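The values are calculated or read from the model by the stated rules, or taken from the named source; none is laboratory data. A quick note: this is a predicted structure, and the numbers were derived from the prediction, not measured. Positions of Cβ are backbone-derived with ideal geometry, glycine not excepted, and every protein chain shown enters the neighbour counts.
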Amino acid sequence: MLIRHLVTYVILLFLYTSASYANHPGDIPFVVSGVVSDSSGGKDIRHFVDYLMQKSGINFKIYYASNYSKLSSIMRQKPVSIGWTCGAPFVEDHKQDKQQLISVPLFHKKPLYHSLIITSVKNKEQKLADFKGKIFAYSDPRSNSGYIAPAVLLKQQGIDIKKHFSLMINTGNHENSIIALLNGLADVAAIDEYIWTQYTEKFPGTLNKLHEIERSGPFPFTPIVAGKNITPASLEKIRNILVNMKQDTQGQKILKNLGLDGFVNKPVSFYQPIQQMLDSLNEKTPQE
Amino acid sequence: MIRKWLEKSFSRQVTAMLLLVGIVSNSTYAIFDFYQEHRHYKNFMEQQATQLSKTLGQTLANDMHYENYFALWSSIRKVYLDNQASNKDFDLIIINEIAVINKEGRVLAHTQAETHKPGSVYSNPLLNDISITDRPLEVLWMEQHNKLFVYSAINYNNSIVGYMIISYSTLPLKALRNRALTTYAISQIAILIFIILIAGYFARKISAPINDIINALPNMGSGNLDISSLDHRHDEFKTLEKALRHADKSIYETHNEIIDQQQKLSGILDNSDAIIFMKDTEGKYLLVNQRYEKIFRTDQQDVIGRTDFDLHPAIFAQEFLNHDRCAMAVKRPIHFEERIELDDGIHTYITVRFPIKDSSGHIYAIAGIATDITERKQIEKELIQYKTRLESIVETRTQELNESIQELEAFSYSVSHDLRTPLRSINGFSLALKEDYQDALDDTANNYLERIIRATDRMGDIIDDLLLLSRVNRHEIQTQAINLSLITEKVFQQLQNLDPDQKIEIDIESNIMIQGDPKLIYLAMENLLGNAWKYTAKAEQPKITFGQTSQNGHRVYFVKDNGTGFDMQYVDKLFKAFQRLHGSEYEGTGIGLATVHRIIHRHNGRIWAESEEGHGATFYFTLGE
């Protein structure tokens with residue numbers, strides 16, 4: 001019986017990691033990553049994508065990318081893809097692959113969110129800098145809220161994130177980071193405010209075990225983007241659907257499930273702060 | 001206490017034996033079965049555990065290589081949680097922990113992440129003594145800690161990237177074992193109850209007939225033993241019943257025979273003139289015959305169980321006791337002359353006392369047969385008196401006789417000596433007459449004179465021999481060591497010198513040593529050899545032999561010749577004085593052998609002769625017998 005469970009698990013893991021590479025001619029890839037909560041088991045995303053397909057008449061095929069590099073890679077290989085990425089990868093991919101910004105979700109009615117420093121309520125540390133020599137969990141090395149923001153936060157205190165912790169664990173997404181904290185795998189983690197909110201609403205008991213000790217931001221929210229080859233008509237169509245999504249009941253319901261208030265159109269320059277954060281990280285400190 | 005309880009009843013012993021056999025056999029089977037089952041479950045558990053390690057290890061290899069801590073942790077945690085959630089299916093496999101460590105022994109992932117943080121050095125007190133090796137798989141049973149560890153080295157691209165340790169709880173195995181033990185205990189109790197019932201039943205089946213036999217046994221030997229309750233049986237008890245009946249009959253018959261024998265023995269004992277008794281080793285009477293009762297005017301019932309000290313004066317009782325002890329000490333019959341005071345005075349008994357032994361040789365009684373020898377003792381006493389008196393008479397008579405002999409010898413010597421003077425005168429004057437007046441006398445007168453001369457010569461010889469014999473009797477013997485061979489040789493040489501014409505072969509055994517008086521022995525040898533010389537004179541090849549031989553342990557010396565010999569019917573006369581077995585053709589006075597006889601006799605010896613007429617003679621003699 002144990003073996004059977006294990007084999008099933010291995011198969012699922014294989015499907016999860018390899019699905020993103022599958023090629024289905026005719027379908028437009030809709031690539032999602034750790035920017036959205038997976039606590040619903042992917043159901044909310046599916047409903048969201050189905051809504052877009054229904055409204056746009058475009059067939060989307062959902063691809064789950066285990067990290068932003070894979071997301072970028074898929075969108076690079078299929079430049080007509082639509083994706084929900086993080087602000088930092090977008091800034092980079094926009095520059096490198098001419099990735100296009102479609103729309104920005106509204107969280108708490110603003111296209112902004114924070115990066116939260118979460119730890120166990122048992123820990124006495126008051127801020128991220130206090131966790132020197134401890135284990136830090138992050139969702140992705142390209143994640144704005146998971147890695148860039150805390151790295152900048154520390155750098156502002158003259159601390160190199162890569163040397164500050166005894167171990168940094170790449171969990172793949174923010175929910176995994178929360179799980180790592182809950183199970184003592186990590187001592188501290190930087191969590192996307194949106195994901196933290198979604199997760200704690202679904203599992204309120206989490207707040208008895210973990211708490212926020214520090215936050216940075218606000219930062220531009222994780223955007224809906226498109227590859228460079230998507231037609232302007234299609235891009236515009238999708239953008240309109242998203243912006244108007246809060247106008248219809250179905251859209252409202254989906255937005256509610258997603259924990260969002262709607263979408264708003266923003267220029268690429270909206271993500272300039274993130275570019276600055278990336279730039280600041282690339283700057284060498286006197287100690288370096 | 002249990003032993004005493006068991007010893008009181010055969011049925012209890014049978015029950016206990018069956019119970020013991022049942023417990024031992026059932027326990028043996030139960031232990032064997034339990035061991036097999038336990039081993040089976042253990043093997044199953046080990047098989048499952050190793051299979052899981054192999055499969056999981058392959059799954060984790062990639063993440064271990066890239067140190068994907070969270071992925072590793074997720075994988076093992078999922079396996080761990082699945083296992084925890086699937087206890088029904090995994091009732092033997094309960095994972096306690098899964099640890100994934102790198103080659104440096106640092107934790108890559110651990111199901112108990114809080115206590116085993118990634119990057120920390122992995123430690124487990126139970127595994128401190130276990131050296132980590134590159135063996136692909138190792139199973140470590142630690143049942144004392146309720147643990148099973150499966151340790152495996154994880155390979156990625158043919159090189160070891162780390163290790164995985166899965167700890168399992170062996171409590172399910174223990175629970176199974178306890179469950180099995182409980183089952184066995186219950187079954188054991190059930191079987192024991194069953195055995196007790198069966199054993200009890202069979203014990204009763206066995207003990208009932210035994211009790212019948214026990215009840216009947218007091219009548220054993222009566223000749224009508226009744227164990228009719230066993231008649232209907234056809235098993236060993238039937239055989240036993242037959243055997244007992246047969247034994248009963250035999251005992252009955254033997255008993256009657258013994259009584260018959262006892263009566264006969266009593267008849268012998270009671271009609272014996274001797275006193276017969278038997279006592280135990282402490283001196284208490286066990287049996288006395290009627291003679292005892294009569295002699296001591298008592299009754300057997302008053303004697304049995306009492307000692308001699310109760311029945312007789314202490315001086316006698318102590319003597320009897322000493323004699324009894326003596327017979328028991330030497331363990332064989334001993335005769336004692338004992339005295340006892342009876343109404344008519346002291347009586348003397350000759351008593352044979354002998355120990356009575358059982359089949360193992362152990363003395364358990366002392367018996368005695370006492371015969372009254374009072375009269376015989378009186379006769380013996382009188383005989384001794386007679387003998388003393390007779391000896392006194394003989395001594396007196398002997399003394400008188402010796403005195404007579406001495407007087408006779410003195411007379412004989414005196415006569416012989418005194419006769420020699422006139423005889424010498426007769427002989428001398430006869431010779432003078434013949435020499436001076438031979439021619440004046442006629443032939444008849446001369447013949448008369450010659451005959452007077454010869455007669456007086458002969459008479460002189462006789463007188464000399466008689467004087468010699470007389471001297472032999474009176475000679476005081478002085479014993480010393482003598483070489484008899486040399487004496488013989490000397491005598492022979494002397495004879496040869498006197499008669500040089502006579503050629504006689506002599507054979508003398510050399511160095512025959514004796515103890516004797518030299519003068520007398522020389523005289524005896526002179527007579528014996530002279531005799532032989534004389535009677536071999538006419539032999540064709542005369543030969544004299546001197547030697548020694550042995551008869552009945554005594555040394556016997558002999559002088560043998562091949563001369564005339566003599567007729568053995570006259571042998572009794574041979575050593576008597578003046579007794580001659582031959583005529584005038586051989587010279588002699590008839591005193592020589594009498595003298596030899598006297599000399600040998602005075603040396604406490606014997607002399608005798610053997611001969612056949614015409615074939616020589618042999619004279620044998622001994623000395624100092």
Checklist entry - Residue check, B:Met17 against (1) more than 10 Å from chain A (Cβ to nearest Cβ); (2) surrounded by 14 or more Cβ atoms within 10 Å (Cβ to Cβ), all met but one. Which one? => result (2)
Item to check | All strands (runs of 3 or more DSSP E) inside region B:528-625 with 2 or more residues being under 53 Å from the mean Cα position of the chain (by Cα) and of a type in the set (S, T, N, Q) | outcome: B:543-551
Next on the checklist: Any residue that is assigned by TED's automatic domain parsing to the domain that holds A:Ser33, within 21 Å of the chain's Cα centre (by Cα), closer than 24 Å to A:Ala149 by Cα and of a type in the set (A, V, I, L, M) - is there at least one of those in region A:252-260?
Outcome noted: yes
Next on the checklist: Looking at (1) within 30 Å of B:Ile154 (Cβ to Cβ); (2) among the basic types (Lys, Arg); (3) away from chain A (no Cβ under 12 Å), which one does B:Arg12 not meet, given that it meets all the others?
Outcome noted: (1)
Item to check | Those residues of region A:205-220 which are out of contact with any helix residue (DSSP H, G or I) (no Cβ under 7 Å at 6 or more places or on another chain) and either part of a loop (DSSP other than H, G, I, E, B) or free of Cβ contacts under 8 Å to residues at least 24 places away in the same chain (or both), in sequence order | outcome: A:Gly205
Checklist entry - Which ones in region B:553-577 are hydroxyl-bearing (Ser, Thr, Tyr) and buried (at least 21 other Cβ atoms within 10 Å of the Cβ)? => result B:Tyr557, B:Thr564
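Could you list, in sequence order, the residues of region A:181-219 that are closer than 21 Å to A:Lys109 by Cα and among the polar types (S, T, N, Q)?
A:Thr197, A:Gln198, A:Thr200, A:Ser216
Hey, which of the helices (runs of 4 or more DSSP H) in region B:217-317, taking only ones fully inside, have at least 2 residues that are out of contact with any strand residue (DSSP E or B) (no Cβ under 7 Å at 6 or more places or on another chain) and either among the aromatic types (Phe, Trp, Tyr) or touching a residue at least 24 places away in the same chain (Cβ under 8 Å) (or both)?
Working: elements: B:236-270, B:290-295, B:300-303, B:308-311.
Answer list for region B:217-317: B:236-270, B:308-311.
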Checklist outcome for this item: When region B:46-66 is checked residue by residue, the ones that are facing another protein chain (nearest Cβ under 9 Å), under 30 Å from A:Val188 (Cβ atoms) and of a type outside the set (Ser, Thr, Tyr) are B:Leu56
Checklist outcome for this item: Those residues of region B:298-336 that are in contact with a Pro (Cβ under 9 Å, 6 or more places away or on another chain), surrounded by 13 or more Cβ atoms within 10 Å (Cβ to Cβ) and of a type in the set (A, V, I, L, M, F, W, C) come to a total of 2
Item to check | Among the candidates B:Tyr522, B:Tyr535, residue that is hydroxyl-bearing (Ser, Thr, Tyr) and at pLDDT below 90 | outcome: B:Tyr535
Checklist entry - For B:Leu72, which of the numbered conditions (1) surrounded by 20 or more Cβ atoms within 10 Å (Cβ to Cβ); (2) in contact with an Asp or Glu (Cβ under 7 Å, 6 or more places away or on another chain); (3) at the interface with chain A (Cβ under 9 Å from one of its Cβ atoms) fails to hold? => result (3)
Next on the checklist: So, B:Gly616, is that one of a type outside the set (S, T, N, Q), at positive phi and modelled with pLDDT under 80 or not?
Outcome noted: no
Checklist outcome for this item: Note: among B:Ile426, B:Ile363, just one is at pLDDT 90 or above, of a type in the set (Val, Ile, Thr) and surrounded by 10 or more Cβ atoms within 10 Å (Cβ to Cβ), namely B:Ile363
Checklist entry - Looking only at region B:261-297, which residues are surrounded by fewer than 16 Cβ atoms within 10 Å (Cβ to Cβ), of a type in the set (Ser, Thr, Tyr) and closer than 18 Å to B:Asp372 by Cα? => result B:Ser272
Next on the checklist: Against the conditions (1) under 20 Å from A:Gly259 (Cα atoms); (2) at pLDDT below 90, where does A:Leu106 fall short? Just the number, please.
Outcome noted: (2)
Checklist entry - Which residues, taken from region A:177-204, are assigned to a helix (DSSP H, G or I), out of contact with any strand residue (DSSP E or B) (no Cβ under 8 Å at 6 or more places or on another chain) and within 11 Å of another protein chain (Cβ to nearest Cβ)? => result A:Ile179
Next on the checklist: So, restricting to helices (runs of 4 or more DSSP H) that lie completely within region B:1-90, which ones have at least 2 residues that are not assigned by TED's automatic domain parsing to the domain that holds B:Pro136?
Outcome noted: B:2-7, B:10-65
Item to check | Positions within region B:326-350 being of a type in the set (Lys, Arg) and in a strand (DSSP E or B), in sequence order | outcome: B:Arg339
Checklist entry - Which residues, taken from region B:351-393, are farther than 16 Å from B:Asp324 by Cβ and in a strand (DSSP E or B)? => result B:Thr371, B:Asp372
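Determine which member of the set B:Ala180, B:Ala190, B:Ala175 is more than 14 Å from chain A (Cβ to nearest Cβ), surrounded by 14 or more Cβ atoms within 10 Å (Cβ to Cβ) and over 23 Å from B:Lys54 (Cβ atoms).
B:Ala180
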Item to check | Tally, over region B:484-534, of residues that are over 23 Å from B:Thr564 (Cβ atoms) and basic (Lys, Arg) | outcome: 2
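Answer yes or no as to whether B:Ile98 is within 60 Å of the chain's Cα centre (by Cα) and more than 10 Å from chain A (Cβ to nearest Cβ). Walk me through it before giving the result.
Values: within 60 Å of the chain's Cα centre (by Cα): no; more than 10 Å from chain A (Cβ to nearest Cβ): yes.
No, not satisfied.
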